[in-house]
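The values are calculated or read from the model by the stated rules, or taken from the named source; none is laboratory data. The structure displayed is predicted, hence computed values, not measured ones. All Cβ positions, even for glycine, are placed from backbone atoms using ideal geometry, and neighbour counts span all protein chains on display.
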Amino acid sequence: MATKTETKPQLSGVALYSRFALAGAICCSVTHGALTPVDVVKTRIQLDPATYNRGMIGGFKQVIKNEGAGALLTGVGPTFAGYFLQGSLKFGGYELFKQQAINYLGYENASKYRTGVYLASSAMAEFFADIALCPLEATRIRLVSQPTYASGLIGGFGKMLKNEGIGAFYAGFGPILFKQIPYTMAKFVVYEKVAEAVYQVFPKKDMADSMQTVVNLGSGLVAGFAAAIVSQPADTMLSKINKTPGAPGEGTTTRLIKIAKELGLKGSYTGIGARLFMVGTLTAFQFAIYGDIKKALGATGGVEIGK
């Protein structure tokens with residue numbers, strides 16, 4: 001007599017979204033942490049273009065020559081910690097807000113207006129993620145821009161808190177929102193659209209897991225390029241405002257206006273080559289790792305609204 005094949009129950013609620021959050025935390029912290037050397041060079045080019053004017057490869061050589069190879073790992077602690085928190089809230093939040101939109105609009109309307117759902121869900125998720133990321137990103141930039149400031153995450157964080165107060169960690173909150181929200185909106189909507197186009201030609205249900213990983217890589221690469229271009233001006237301003245403390249009595253808005261005038265449009269795209277490489281690579285691997293970890297954790301209960 002044939003035995004009935006048992007199927008694993010689909011996860012939902014906290015059990016599901018905690019797995020989305022863990023998968024997002026791992027994919028973001030691993031990719032951003034691994035690309036710390038690229039981020040160090042990119043930040044140096046943004047902050048001191050007169051010195052670091054030889055492109056990404058030349059920048060690597062300059063940093064190694066002047067400070068040693070170890071300098072390329074400056075800020076790896078706050079990078080890993082910051083993007084672990086940010087990734088959990090961004091990816092977990094995106095899945096949660098997308099589901100809430102589906103619940104509110106109904107599946108048919110959510111599918112019909114899915115671009116708006118992708119944009120709104122990613123924007124809301126990123127807002128909360130940035131609250132967690134901002135203090136650690138401020139610490140990272142201070143360590144990279146001032147190599148003698150502190151020896152690592154704990155020392156740098158403690159020194160900023162003691163000398164400048166908690167407000168110093170959120171001096172760049174405006175720029176980080178201006179950078180990260182458009183970045184994440186472009187990242188998710190372009191990823192969803194590219195993947196959707198591929199699956200219209202090659203149905204996902206007929207694809208092996210390895211090919212789905214390839215689709216995630218390719219879609220993520222295109223999404224990363226789009227996200228980098230959209231968010232580059234704010235990324236440059238974020239690096240500038242966190243480089244040094246503001247003058248006494250100088251507000252964040254005043255500093256931002258001053259920096260924007262100094263940079264101009266061309267200056268705001270300083271370091272775009274290094275950032276395209278960095279963001280394209282990390283976004284491709286983020287979506288590939290995220291998809292594979294979700295499967296490994298059994299987090300398959302999310303609703304897809306693509307055609």
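Note on the stretch 85-118: residues that are of a type in the set (D, E, K, R) and in contact with an Asp or Glu (Cβ under 8 Å, 6 or more places away or on another chain) amount to 2. All of SER122, SER145, SER111, SER151 fail the test of being under 21 Å from GLY93 (Cβ atoms) and at pLDDT below 95, apart from SER111.
Run down LYS98, LYS61, LYS65 and say which single residue is of a type in the set (D, E, K, R) and in contact with a helix residue (DSSP H, G or I) (Cβ under 8 Å, 6 or more places away or on another chain).
The conditions single out LYS98.
Please determine whether any residue of the stretch 197-217 is part of a helix (DSSP H, G or I), at pLDDT below 90, of a type in the set (Ser, Thr, Tyr) and over 28 Å from VAL14 (Cα atoms). No - not one qualifying residue is present in the stretch 197-217. Looking only at the stretch 179-191, decide whether some residue is small (Gly, Ala, Ser) and either modelled with pLDDT under 85 or closer than 24 Å to SER88 by Cβ (or both). Yes, the conditions are met somewhere in the stretch 179-191.
If we scan the stretch 34-50, do we find a residue that is in contact with a helix residue (DSSP H, G or I) (Cβ under 7 Å, 6 or more places away or on another chain), among the hydroxyl-bearing types (Ser, Thr, Tyr) and under 30 Å from SER151 (Cα atoms)?
Here is the first cut: in the stretch 34-50, the ones in contact with a helix residue (DSSP H, G or I) (Cβ under 7 Å, 6 or more places away or on another chain) are 35-47.
With the extra rule that they be among the hydroxyl-bearing types (Ser, Thr, Tyr), the set shrinks to 36, 43.
Restricting the remaining residues to those that are under 30 Å from SER151 (Cα atoms) gives 36, 43.
Yes: the stretch 34-50 contains one or more residues that are in contact with a helix residue (DSSP H, G or I) (Cβ under 7 Å, 6 or more places away or on another chain), among the hydroxyl-bearing types (Ser, Thr, Tyr) and under 30 Å from SER151 (Cα atoms).
Kindly indicate which of GLY165, GLY174, GLY92, GLY152 is over 21 Å from the mean Cα position of the chain (by Cα) and in contact (Cβ under 8 Å) with a residue 40 or more places away in the chain.
GLY152
Of all the residues in the stretch 96-112, those that are surrounded by fewer than 23 Cβ atoms within 10 Å (Cβ to Cβ), touching a residue at least 60 places away in the same chain (Cβ under 8 Å) and of a type outside the set (Gly, Ala, Ser) number 4.
One residue stands out among those in the stretch 51-84 that are closer than 18 Å to ARG275 by Cα, among the aliphatic types (A, V, I, L, M) and out of contact with any Leu (no Cβ under 9 Å at 6 or more places or on another chain): the one that is modelled with the lowest pLDDT, which is MET56. Taking the stretch 65-82 as the range and being farther than 11 Å from GLY152 by Cβ, in contact (Cβ under 8 Å) with a residue 24 or more places away in the chain and either more than 14 Å from the chain's Cα centre (by Cα) or part of a loop (DSSP other than H, G, I, E, B) (or both) as the test, the residues that pass are GLU67, ALA71, LEU72. Applying the condition of being of a type in the set (Val, Ile, Thr) and assigned to a helix (DSSP H, G or I) to the stretch 147-188 and asking which residue is surrounded by the fewest Cβ atoms within 10 Å (Cβ to Cβ) yields ILE166.
Among the residues of the stretch 178-205, those that are aromatic (Phe, Trp, Tyr) and under 19 Å from TYR290 (Cβ atoms) comprise TYR183, PHE188, TYR191, TYR199.
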